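Written below as structure tokens is the structure these notes are about.
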Amino acid sequence: MSENNGSILRIENLKKVFFKKRSFFKNDEIKAVNDISFEVKRGSIFGLVGESGCGKTTAARCIVHLDKLTSGKIFFNHVEIGSLSPVAFRPYREKIQIAFQDPTDSLNPRFTVRRTIIEPLNLFTNFSNNEKKNKLLQIMELVGLQPEHLERYPHQLSTGQQQRVSVARAIITNPDFVVLDEPTSALDISVKGRILELLLELQEHFGTTYLLIS
């Protein structure tokens, strides 16, 4: 597959195999992702669609380095990142983020909204405290959360508000690329549309590229 100046992400022959120990002599091999390739254009929304259990989320976890790929290559901005060590991948965490399927499970119940959203800035930027505060308030406004939500915990929020917190956490570092792992599947019908509209507005505002899993 040739290089393309419009490409932000390219996957080549990605495989992910898990091994389940069956006996002292033999392990069962589970092929979670079996030789997939695709390319995502910068500024686009790329849909990764398949039935439940086909490996979509595992592929996404490999892209954001939550799981280590078994074989294949992952190119981000034409740099091969799939084989990088956790330390070498660290500079890319600011630019590659993920919003998980179930916000209730993905948010730390011991963290306030403030701590959850600001954590990526603490980990991946050198912003001053004042810069972090201003960025936090900007993102809160963009995702439709109020300042009074900052000191609340996940259980004190509606599911829709929890997903807005998850989205805010994913975009606060102004990433170039965000994986959206079925971002509305845990939401009521009345909330799904509002979250999707929010994601489109944020893409227009930041020019972010989305990998949308469904």
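Quick look at the values:
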{"read-out": "Hits in the range 104-123 - residues which are surrounded by fewer than 15 Cβ atoms within 10 Å (Cβ to Cβ) and of a type in the set (S, T, N, Q)", "value": "108, 122"}
{"read-out": "Residue match in the range 93-102 (condition: assigned to a helix (DSSP H, G or I) and at negative phi)", "value": "no"}
{"read-out": "Residues satisfying the stated conditions in the range 124-168, i.e. surrounded by 20 or more Cβ atoms within 10 Å (Cβ to Cβ), touching a residue at least 40 places away in the same chain (Cβ under 8 Å), hydrophobic (A, V, I, L, M, F, W, C) and outside any loop (DSSP other than H, G, I, E, B)", "value": "165, 167, 168"}
{"read-out": "Of all residues in the range 110-153 being of a type in the set (Val, Ile, Thr) and closer than 22 Å to residue 198 by Cβ, the one that is farthest from the chain's Cα centre (by Cα)", "value": "112"}
{"read-out": "Hits in the range 71-92 - residues which are touching a residue at least 60 places away in the same chain (Cβ under 8 Å), open to solvent by 40 Å² or more (accessible area, probe 1.4 Å) and over 24 Å from residue 30 (Cα atoms)", "value": "77, 78"}
{"read-out": "Residue within the range 55-70 that is among the hydrophobic types (A, V, I, L, M, F, W, C), open to solvent by 70 Å² or more (accessible area, probe 1.4 Å) and more than 18 Å from the chain's Cα centre (by Cα) present", "value": "no"}
{"read-out": "Matching residues in the range 176-200 - criterion: being in a loop (DSSP other than H, G, I, E, B), open to solvent by 10 Å² or more (accessible area, probe 1.4 Å) and not aliphatic (A, V, I, L, M)", "value": "176, 182, 184, 185, 188"}
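The values are calculated or read from the model by the stated rules, or taken from the named source; none is laboratory data. Everything numeric here is computed off the predicted structure, so don't read it as measured data. FYI the Cβ positions are ideal-geometry reconstructions off the backbone, even for glycines, and counts take in every protein chain you see. Accessible surface is based on the protein model in full, side chains and every heavy atom, while ligands, DNA and RNA are left aside. Shrake-Rupley method; radii C 1.70, N 1.55, O 1.52, S 1.80 Å.
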